[in-house]
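The values are calculated or read from the model by the stated rules, or taken from the named source; none is laboratory data. Quick caveat: nothing in here was measured; it's all calculated off a predicted structure. Reconstructed Cβ throughout: ideal geometry from the backbone, glycine too, with neighbour counts over all protein chains shown.
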Amino acid sequence: MEMTIFNLGVLIVVLLIDAWIAYSVSRSQKTAATKLGWIVLVFALPVAGWIVWGLYGPRGIVKGPTSQEHSKG
């Protein structure tokens with residue numbers, strides 16, 4: 001099978017999206033097993049994994065705790 005520039009571009013885009021999702025999952029507050037499950041799903045079934053992750057995946061980014069002193073402005 002010949003690798004065209006288009007195929008290479010699609011592959012790179014898919015891998016970048018997978019990496020972004022893996023990073024997002026790794027920042028969630030879920031257990032290590034849950035994180036691993038999501039990452040395996042996304043890499044094993046890229047487009048289907050993206051859809052499932054988008055519908056049922058982790059919500060939001062973990063933010064550090066804030067203190068009342070810093071909130072007084």
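Observations on the structure shown:
- The requirement of being surrounded by 10 or more Cβ atoms within 10 Å (Cβ to Cβ), modelled with pLDDT under 90 and outside any helix (DSSP H, G or I) is fulfilled nowhere in region 33-54; no residue meets it.
- Scanning region 7-32 for residues that are surrounded by 14 or more Cβ atoms within 10 Å (Cβ to Cβ), part of a helix (DSSP H, G or I) and not β-branched (V, I, T) yields D18, A22, S24, S26.
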